[in-house]
Structure formats: structure tokens, C-alpha cells
Amino acid sequence: MTPRLPPVLSPLDLPMAELQAARLDGELFRVDSCFAVIDEIEQPRHRAAALHAGLSDRLIAEQLSAAWIWGAIDFPPAPHTLCAAVGARVGHAHPPWMTVREVVIDPLEITTIDGYFVTTPLRTAVDLARFAADFDPGILNRLGVDPLDCRAEIERRKNLPGKRRALQRLALP
């Protein structure tokens, strides 16, 4: 049996010069700061692996980074946004291309894609409604989230930061 390559290759797998050369030769395509073989169709598993390459396995992709992984936005955000559950004990030094915050998160609001943690589409939609600088209500449809479910999830919570702003953004026309 032939060994399979990981879904994405990073400088942890091969030197950047070799990855760039393979991209120029048409053997790889770019997925954020990583690369995938050209005969693959980019999927959430590729984007999740690219984002998490070299990071703590306790970090959870959230907000626009999760939306990008789910395919709800076309390009990776800058900076990427990740979170860690309160008490997860994740190191404090992070690369400048990402922000990390500590959050209270229910395990049901996290899913795994090939072993990488990502907020569920509903949690992603709730967070974007609460925190996104430029909230696009169309992202709910692209995430496959019903606006009424999103509102109900927000209304269910007490003392939720950004709750009023989110409910205004999700107000029915």
C-alpha cells in the first residue's frame, strides 16, 4: 500500500523552497500558508489542517477563521482568530498572524475536522453576529444556519457579551 500524504503540506513537512517549486510546477496549490496536491479538491479538512499546522492541538478555530474553514467565506482572514477553552492551558506566545482568546465554550459548540477543533456553524454564526466588525447576514445562509436558530441561541444565554448588538443584527426585516 502506498503511503498517503497529509491533506496539506507545510514547512514542517518540506522546506518552503521545495513547496514553492512544486507549486510553480503545478503539483501543489496554496491553502492559506500551506499547500495541497493538485488532484485534491479543497475542502474544510484542508483549510482546518492548514490553519492548525504547527499549533497547539487545544486551539479552536472560531469566528471568520471557522467561517473560512466551513467555506462560508472565500479567503482566509487576517489575522486568524482562534480560541481556547477556559483552563485549557495553552501557551501565551502566538504568531502575529493570529489572535487567541480564552472563552467559555460548551463541548457541543465544538466539532472536529480530521482531529482539528473548529466551532460549529451555529456557534460561528453567533460569534460573528456578536463580534464581526462588518457583519454580513448572508453568512448565516452560507454556514447553513437558520437566522431564527441563531437568535434563539443568543436569547437563551444570560450575560452574553455583544448580545444586544447581535440581536439587532439578526432583527427580522
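The values are calculated or read from the model by the stated rules, or taken from the named source; none is laboratory data. Not measured: the values here are computed from a predicted model. FYI the Cβ positions are ideal-geometry reconstructions off the backbone, even for glycines, and counts take in every protein chain you see.
Looking only at region 142-157, which residues are assigned to a helix (DSSP H, G or I), under 17 Å from the mean Cα position of the chain (by Cα) and surrounded by fewer than 18 Cβ atoms within 10 Å (Cβ to Cβ)?
Across region 142-157, the qualifying residue is only Arg142.
Scanning region 109-126 for residues being over 10 Å from the mean Cα position of the chain (by Cα) and within 18 Å of Ser56 (Cβ to Cβ) gives a total of 6. For first residues located in region 12-23 and on the phi < 0 side of the Ramachandran plot and among the basic types (Lys, Arg), partners that are surrounded by 14 or more Cβ atoms within 10 Å (Cβ to Cβ) and not in a loop (DSSP other than H, G, I, E, B) and lie 6+ apart or on another chain with Cβ distances below 8 Å form the pairs Arg23/Phe29; Arg23/Arg30; Arg23/Phe35.
Of all residue pairs spaced 6 or more apart or on separate chains, those with beta-carbon atoms under 8 Å, a first member in region 125-147 that is farther than 12 Å from Arg165 by Cβ and in contact (Cβ under 8 Å) with a residue 40 or more places away in the chain and a second member that is among the β-branched types (Val, Ile, Thr) and surrounded by fewer than 19 Cβ atoms within 10 Å (Cβ to Cβ) are Ile139/Ile73; Arg142/Ile73. When Leu64 is tested against (1) in contact (Cβ under 8 Å) with a residue 60 or more places away in the chain; (2) farther than 24 Å from Cys34 by Cβ, exactly one condition is not met: (2). The one condition from (1) over 30 Å from Ile154 (Cβ atoms); (2) modelled with pLDDT of 95 or more that Asp13 does not meet is (2).
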